[in-house]
Amino acid sequence: MEVLQLSAWYGGVQALDQVSIELMPQEILGLAGAPKSGRTTLMHCLCRPMDTHSRLRVVGQILMRGRSVIRNHWRNDEYRNRFAWVGDRTSGFAGSVHDVCLSRIPEHMKTGGTLALSEHVKACLDMVQLLEDLPGAPEDVSALELTPGQRLQLDLARAIASQPDVLLVDLRTPPPDAKAMRTVEETLLALRLKMPVVLASDDAHQMLRICDRVACLQNGRLAEVGPAVWMARNPTTREARRVFSKITSVA
């Protein structure tokens with residue numbers, strides 16, 4: 001997947017300025033930057049640039065498997081189903097754990113019958129190490145009863161359930177649950193072998209632990225991009241130095 005000279009505006013306010021970056025297979029790409037650096041806009045543009053925001057105007061090119069997204073070479077629903085977003089833990093958790101896990105899968109995946117869907121849910125919950133922690137069957141446990149950390153695990157299971165091609169993960173406001181965060185990181189490392197992951201995080205240590213590359217954005221521009229370990233050791237821009245300033249040693 002390639003982003004070429006992508007610029008974006010919300011009304012008269014420019015949020016991205018000629019950003020070009022390629023998402024490689026089997027990698028976790030970290031997005032670093034201060035507030036209003038353009039990270040959220042870039043992630044929204046990746047997954048559904050035509051209908052993310054009524055005032056959003058996009059110029060440039062996004063290529064998915066060589067086909068243009070901006071020029072409508074993909075149907076909107078066909079393209080969006082190739083992405084899953086993790087990180088919005090403030091909504092969408094009404095209902096049982098089972099129902100929440102299935103809430104975003106495309107219709108064509110619902111034709112296998114109730115038993116097949118139930119087994120699919122259990123497999124996804126097991127992958128994020130949540131199944132064994134539930135006090136009952138996924139059909140009987142309300143998602144609202146889960147801790148913030150468990151909701152993050154469920155959000156990741158819900159994303160996995162839709163079988164996306166690309167996973168977009170926003171961990172800028174992580175829950176105060178170290179165990180859940182370790183589980184999520186372990187799951188992302190395993191998932192990258194199946195699908196590339198784009199991770200927005202404010203934790204430089206986290207990006208160093210699990211990201212293959214890091215892209216630093218500043219004021220809507222791509223300030224620097226490179227291997228995570230190399231950037232932590234040798235940041236060349238002011239923004240990259242700010243991001244990795246708390247790293248005291250790199251293995």
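Only the coordinates and a few stated rules stand behind these numbers; no lab work does. Predicted model, so just to flag it, every value in this text is computed and none were measured. Virtual Cβ from ideal backbone geometry, glycine too; neighbours counted across all protein chains shown.
Each 10 Å bin from zero up to the one holding the largest Cα-Cα distance in region 188-230 carries the following percent of pairs: 26, 55, 18, 1. Cβ-to-Cβ counts within 10 Å put R80, R39 in ascending order as R80, R39, the fewest first. For the pair K36 and Q163, label points projected 7 Å from Cα toward Cβ lie 4.3 nm apart. Amide H contacts for V214 (H built 1.01 Å from N in the peptide plane; partners 5 or more residues away or on another chain; cut-off under 5 Å): G30, G226, A228. Taking the simple approach of a point 7 Å from Cα along Cα-to-Cβ for both A190 and Q14, what is their distance in nm? Taking the two extended label points, one gets 4.4 nm. Place a point 7 Å from the Cα of L4 along the Cα-to-Cβ direction; which residues of region 27-42 have their backbone N under 20 Å from it? So the set is 42. The convex hull defined by the C-alpha atoms of the chain has an orientation-averaged projected area of 13.7 nm². For Q18, which sequence-distant residues (separation of 5 or more, or a different chain) have an amide H within less than 5 Å of its own amide H, given hydrogens modelled in the peptide plane? Amide H neighbours of Q18: L6, S7, A8.
Backbone phi angles across region 188-198, fed through the Karplus curve with coefficients 6.51, -1.76 and 1.60 (θ = phi - 60°), yield HN-Hα couplings of 4, 4, 6, 5, 4, 5, 9, 8, x, 10, 10 Hz in residue order; Gly and Pro are listed as x.
The orientation-averaged projected area of the convex hull spanned by the Cα atoms of region 173-251 comes to 5.8 nm². Taking a point 7 Å from the Cα of M109 along the Cα-to-Cβ direction, the residues of region 142-163 with backbone N closer than 12 Å to it are 156-163. Sequentially through region 203-208, phi angles give Karplus couplings (6.51, -1.76, 1.60; θ = phi - 60°) of 9, 4, 5, 5, 4, 5 Hz, Gly and Pro residues having no value and appearing as x.
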